1. Can you compute the helix-only [θ] at 222 nm over the chain? Use -39500 (n - 2.57) per DSSP H run of at least 4 residues, normalise by all residues, nearest 500 deg cm²/dmol.
2. Take every DSSP beta bridge with both residues inside the chain and express the antiparallel ones as a percent of the total, to the nearest 5.
3. Given a cut-off of under 8 Å on Cα pairs at least six residues apart, what relative contact order in percent is computed for the chain?
4. Can you compute 3J(HN,Hα) from phi for each residue in region 73-81, using the Karplus curve 6.51 cos²θ - 1.76 cosθ + 1.60 with θ = phi - 60°, rounded to whole Hz and x for Gly and Pro?
5. Please rank Leu50, Leu9, fewest neighbouring Cβ atoms within 10 Å first, as an exposure proxy.
6. Which whole-number percent is the relative contact order of region 70-147 (Cα, under 8 Å, 6+ apart)?
7. What Kirkwood hydrodynamic radius, in Å, does region 29-168 give when the mean of 1/r is taken over all pairs of distinct Cα atoms and then inverted?
8. Report, in whole Å, the centroid distance computed from the Cα atoms of region 107-170 and region 16-93.
Amino acid sequence: MKRDTILTLKLPRGNTLENYPVREPKQFKKPAGPFTRVAYAAAHMVADPLSAKEPWLEAAIDWEATLAYRRHLWSWGFGVAEAMDTAQRGMGLDWPNSLELIRRTVEEARHVPGAFVASGAGTDHLPSGKSHCIAEIIAAYEFQCAAIEKLGGRTILMASRAWPRRPSPPRTTRASTTASSRR
């Protein structure tokens, strides 16, 4: 990579700004062999800069560039933690697009020796703005896990935005719990 545009950055030092020279990036060597453990990268998607879609309303994904980035990560020995980044899920990438991203990534990984993919399963397909009972939250996790597993993917359970909005169970006091257990 050639540094030919930005030669310096102005960075704060005390109460003034000081020029900081930008250096050439370090060169890293790819690993000679597989690692003993898998480090997963939470890979971002690549937006389609030519799309006419409104990015706050609808995902505009450059699928080829997105998959190329995953191939690049795999070439360095990383696994891909797919559709898990909070910048994706719930912040522009809905469940149908997340599942499509997972499908494409899992399929691409089949053609890359040693590629690892683990995909996020959550509850983000539940309607927002309302409370969901624990049974609905569990069913939502099961639904997304099944969809990912049907594609041949591995799952990682993500935190649920529905969980904190669930109806609270009735509270009992320690005294009433102790008294009832003696009966």
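1. Result for the chain, helices only: -9500 deg cm²/dmol.
2. In the chain, approximately 40 percent of DSSP beta bridges are antiparallel ones.
3. Numbers: 221 pairs, mean separation 28.9, N = 183.
16 percent.
4. Ordered by residue, 3J(HN,Hα) equals 4, 4, 5, 8, x, 7, x, 10, 8 Hz.
5. The most exposed by this proxy come first: Leu50, Leu9.
6. For region 70-147, the relative contact order is 34 percent.
7. One decimal place: 16.0 Å for the Kirkwood radius.
8. One Cα centre to the other: 22 Å.
Laboratory data are not the source of any read-out in this text; all were calculated from the coordinates shown. Because the structure is predicted, anything quoted here is derived from the model rather than measured. Cβ: placed from backbone, ideal geometry, glycine included. Neighbour counts: every protein chain shown.
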